[in-house]
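First comes the structure, then the notes that go with it.
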Amino acid sequence: METIQEKIAQSVSSIQQKYHNPISLGVILGSGLGTFAEHLSNKTEIPYKDIAHFPLSTVQGHAGKLVLGEIEGKTLAVMSGRFHFYEGYNMQQVVYPIRVLGKLGIKSLIVTNAAGGINKSFVPGDLMLIDDHINLLGTNPLIGPNLDDFGPRFPDMTTAYTPSLKEKALAAAQTNDLPLKRGVYIAITGPSYETPSEIKMMRILGADAVGMSTVPEVIVARQMGINVLGISCITNMAAGILNQPLSHVEVFETAEKTKHKFVSLLKEIVKTI
Ligand code: HPA
């Protein structure tokens, strides 16, 4: 049996066999946001099933492929489809691709997601710069023996979201007239949506948006010293705010409607990173 370090090295080499350029930036696309990958030039697409040891994605709206290519002279590795804890993957599997991207040499990672708006000043379709997060998953991807090749046992999370990248994102949004809210993302496991009482609790805790991803990936990226930028697409108001039930269809449809704005913002941000 190979060690996790050996498996990751094999994943890295199976990607490098298909794509030879050095990669500086990683991007994870959330539900329904997959069209960003179409904007890359000179691209190579690798289905996750063709990358040694990669988990496979199962959720509708997640294509499950790594797209490597260029935007504005920058070389990117874009994950179209991620692995959620609620799908039944363990935490090691959820964060596996981030460790692979880290060993591929990315210096920065842009994480995106669909999230429910807890802050009542938000409306569906808003984009939110993630200022910070709250981990309400009840677990942590770094539990277990520390992989010293991937960073320290007790990584600092004071600036989980890199201040200079936030500034660049806000500046890119402003110059291009693309409104960008900001706030705290809170992660729960799902897959059930929250109750109105849970949302009230999360608001009291200081959260502005809630979702079922991102936090494990950010923890592992920060452990590796990768700079992180996070953007949420507010696809719906969280439970109990409006007098209507939540549905995955609504989440998907809002993400779909917002994707042009989102892709424009992402492209502008990538230019400045
Ligand atoms: N709750 C949790 N996750 C989500 C939501 C929500 O309201 N919307 C999109 N992802």
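Taken together, the values in this text are just the output of simple stated rules run on the coordinates, not laboratory data. These figures come from a predicted structure and were not determined experimentally. Positions of Cβ are backbone-derived with ideal geometry, glycine not excepted, and every protein chain shown enters the neighbour counts.
Note on the stretch 65-157: with charges restricted to the Cβ of Lys and Arg (+1) and Asp and Glu (-1), its dipole about the Cα centre is near 200 debye. Only one residue of ILE23, GLY102, ILE4 has its Cα farthest out toward the positive end of the dipole of the stretch 1-143, where Lys and Arg carry +1 and Asp and Glu -1 on Cβ, and that residue is ILE4. Among residues other than ALA172 with Cβ under 14 Å from its Cβ, the summed charge is +3 (Lys and Arg +1, Asp and Glu -1).
For the stretch 65-164, the spherically averaged projection of the C-alpha convex hull amounts to 8.7 nm².
Taking the Cα centre as origin and putting +1 on Lys and Arg beta-carbons and -1 on Asp and Glu beta-carbons, what dipole magnitude results for the chain, to the nearest 20 debye?
Roughly 280 debye, rounded to the nearest 20.
Name the lysines eligible as straight-distance cross-link partners of LYS261: C-alpha to C-alpha under 28 Å, and not fewer than 8 places from it in the same chain. Partners found: LYS43, LYS65, LYS74, LYS107, LYS120, LYS166, LYS168, LYS181, LYS271.
In the chain, the DSSP-assigned H stretches of four residues or longer account for a calculated mean residue ellipticity at 222 nm of -10000 deg cm²/dmol, using -39500 (n - 2.57) per stretch and the full residue count as denominator.
Between amide H atoms placed 1.01 Å from N, distances below 5 Å from ALA77 occur with LEU25, GLY26, VAL27, all of them 5 or more places distant or on a separate chain. With the convex hull drawn over the C-alpha atoms of the chain, the volume per residue is 117 Å³. Here the simple spin-label model places points 7 Å from the Cα toward Cβ, and for GLU253 and ASP149 these points are separated by 4.8 nm.
Around THR214, with a cut-off of 14 angstrom between Cβ atoms, what is the net charge of the other residues, counting Lys and Arg +1 and Asp and Glu -1? Residues near THR214 contribute -2 overall.
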